[in-house]
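The values are calculated or read from the model by the stated rules, or taken from the named source; none is laboratory data. Only a predicted model underlies this, so the values are computations on that prediction, with no experimental measurement involved. Because the Cβ atoms are built from the backbone with ideal geometry, glycine has one as well, and the counts that use them run over all protein chains shown. Surface accessibility is based on the protein's heavy atoms, side chains included, excluding ligands, DNA and RNA. Shrake-Rupley method; radii C 1.70, N 1.55, O 1.52, S 1.80 Å.
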Amino acid sequence: LLAKLLLDQLRREYPAARVRSFSFKALRPVFDLHPFAVCGRRAEGAQLWVRDHEGALAMQAQAELSD
């Protein structure tokens, strides 16, 4: 689900960009009992991440884009 949320965020921020590849790595569990943040920035494609309620990095992802 978190990977899907990262892709959804990417599509909202850059609707014209096409995702050529997407990879992600879960680093820490996230539970629906606490809020979490879905973040990203455009650099060398797109760098995306999820931070848990404590601010710890829970998932990181990278997308290769073509405009």
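For residue 9, only one of the following conditions fails: (1) in contact (Cβ under 8 Å) with a residue 40 or more places away in the chain; (2) in contact with a Gly (Cβ under 7 Å, 6 or more places away or on another chain). What is its number?
Going through the list (1) in contact (Cβ under 8 Å) with a residue 40 or more places away in the chain; (2) in contact with a Gly (Cβ under 7 Å, 6 or more places away or on another chain), residue 9 breaks only (1).
Would you be able to tell me the number of residues in region 1-20 that are of a type in the set (Gly, Ala, Ser) and open to solvent by 50 Å² or more (accessible area, probe 1.4 Å)?
So the count comes out to 1.
Determine the pairs where a residue that is surrounded by 12 or more Cβ atoms within 10 Å (Cβ to Cβ), located within region 41-64, has a partner that is part of a strand (DSSP E or B) and basic (Lys, Arg) with Cβ atoms under 6 Å apart, the partner being 6 or more residues away or on another chain.
Pairs found: 47/41; 60/25; 64/20.
Got a number for residues in region 18-46 being more than 16 Å from residue 4 (Cβ to Cβ) and part of a loop (DSSP other than H, G, I, E, B)?
11
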